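Notes follow the structure.
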Amino acid sequence: MLQNRNAAVDEARGAPELTKLGGTVVRGNSLTTKKTQAIFAELIGSNTCTAAGVTVVDHVPVLALCRALVKAGQDSNRPLHAYRGHVLCLCVRSIGEGARLTVEDDRHGRPRLRRWRNRARGCGATPLARQIRDTATTTSVNAHGCER
């Protein structure tokens, strides 16, 4: 907490004063926050999310919904609260921030939050489980014509 020794200097710096308690001034943080109405979304299954008349089916449905809502003209500063039934399961601070993120697997197959890149559908590597399943069901032939 800061001591209120020179209120004129504090006001000149633009420091917001929240409460005075016997000569002690409690200051707010430097981040400006604007209270806006949250968007309420509903998660359906593992890959569908719907809010404000927009429904998205994706492997990361909440973040894809954020991109769709920004594209539809919603205020990018609005927060999003995702519910599964009556249970709040995910809060996104702003749909603008959520629109810039996605989940991708790292080289070890662990999901990681990454910056979203607009790629064509089907680009990139297939999921590791699918690669393993595909190699288990197909037979390969070596250079001598023998199956392995």
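The values are calculated or read from the model by the stated rules, or taken from the named source; none is laboratory data. Note that the structure is a prediction, hence the values are computed from the model and not measured. Neighbour counts run over all protein chains shown; Cβ positions are idealised from the backbone, glycine included.
For the stretch 56-79, enumerate the residues that are surrounded by 14 or more Cβ atoms within 10 Å (Cβ to Cβ) and of a type in the set (Val, Ile, Thr). Within the stretch 56-79, 56, 60, 62, 70 meet the criteria.
Working carefully through the options 52, 82, find the one that is surrounded by 14 or more Cβ atoms within 10 Å (Cβ to Cβ), touching a residue at least 24 places away in the same chain (Cβ under 8 Å) and of a type in the set (Gly, Ala, Ser). Matching residue, one of 52, 82: 82.
Just one residue in the set 148, 114, 130 is surrounded by 10 or more Cβ atoms within 10 Å (Cβ to Cβ), modelled with pLDDT under 95 and in contact with a Ser or Thr (Cβ under 7 Å, 6 or more places away or on another chain); that residue is 114.
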